[in-house]
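Note sheet for the following structure.
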Ligand SMILES: *Cc1c(COP(=O)(O)O)cnc(C)c1O
């Protein structure tokens, strides 16, 4: 089923959109099934789970860290991570800078924009993002490649669309100002299994899809994975 799901979803995506297969709490066998169907971008939420999977899986996988960032856990994946999606504060940005410097590499990140109309989601507000100054762009070991956002968790499609539209507006504003001469500022990560079609219509370049590929997750496995 996993291979079929991957092929079906890939066939509906415009060429400008990259599919990140979200494999948190899924087995290495499941990931290999997706890999053998041609999938190379995978997303994980838990630092030690990412470390353990990357150690045994093919080296040409591009790993995306999409979980909530914790500075002390950066060491588990900083050497090999392809893109960190959820940098949601200046403190976290500086923690990534320090960890990347120590690892001797430059790490690509996205800034998380808070656009959902809920208290519970992490991220910078639109005002905070538009008020950022050059110092964030000039970090020597961090390259800011765009914006990540999650829409409100609601069945109201107009609200979901409005959230994504806000994220796109923030992305466009930054691209035209602080990042105007940063050619790598190109990525807008938004859209999950239930809302990725709307996200693509609103300008997403990276969709993070888990359950529509791998089936529902067993969250009882989560306790050991913090
Ligand atoms: C788990 C997760 C996803 C994937 O969610 P699905 O509904 O299974 O597609 C996407 N983005 C983030 C940040 C996640 O934590």
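Sorted ascending by nearby beta carbons within 10 Å, beginning with the fewest, 204, 220 become 220, 204. When the alpha carbon gyration tensor of the range 127-226 is reduced to an equivalent ellipsoid, its three semi-axes come out at 28, 19, 12 angstrom, largest first. Of 206, 57, the sequence from fewest to most neighbouring Cβ atoms within 10 angstrom is 57, 206. The equivalent ellipsoid that matches the C-alpha gyration tensor of the range 1-142 spans semi-axes of 28, 19, 14 angstrom, in descending order. Among 148, 192, 32, the ranking by other beta carbons within 10 Å of each residue's beta carbon, starting with the fewest, stands as 32, 192, 148. Computed over the alpha carbons of the range 79-139, Rg followed by Dmax gives 12.5, 39 Å. Here the label points at residue 126 and residue 217, each 7 Å from Cα along the C-beta direction, are separated by 2.9 nm in the simple model. Springs between Cα atoms under 10 Å define the GNM used for the chain, and in it the highest mean-square fluctuation of 24, 75, 59 occurs at 59. The alpha carbon centroids of the range 1-64 and the range 157-209 are separated by 21 Å.
Averaging the sequence gap over all C-alpha pairs within less than 8 Å and six or more residues apart, then dividing by the number of residues, gives the range 11-168 a relative contact order of 16 percent.
Assuming R0 = 30 Å, can you tell me the calculated FRET efficiency for the pair residue 90 and residue 60, based on Cβ-Cβ distance, to the nearest 0.05? The value I calculate is 0.35.
Values in this text are rule-based calculations from the coordinates and carry no lab data. Note that this is a predicted model, so its numbers are computed, not measured. Positions of Cβ are backbone-derived with ideal geometry, glycine not excepted, and every protein chain shown enters the neighbour counts.
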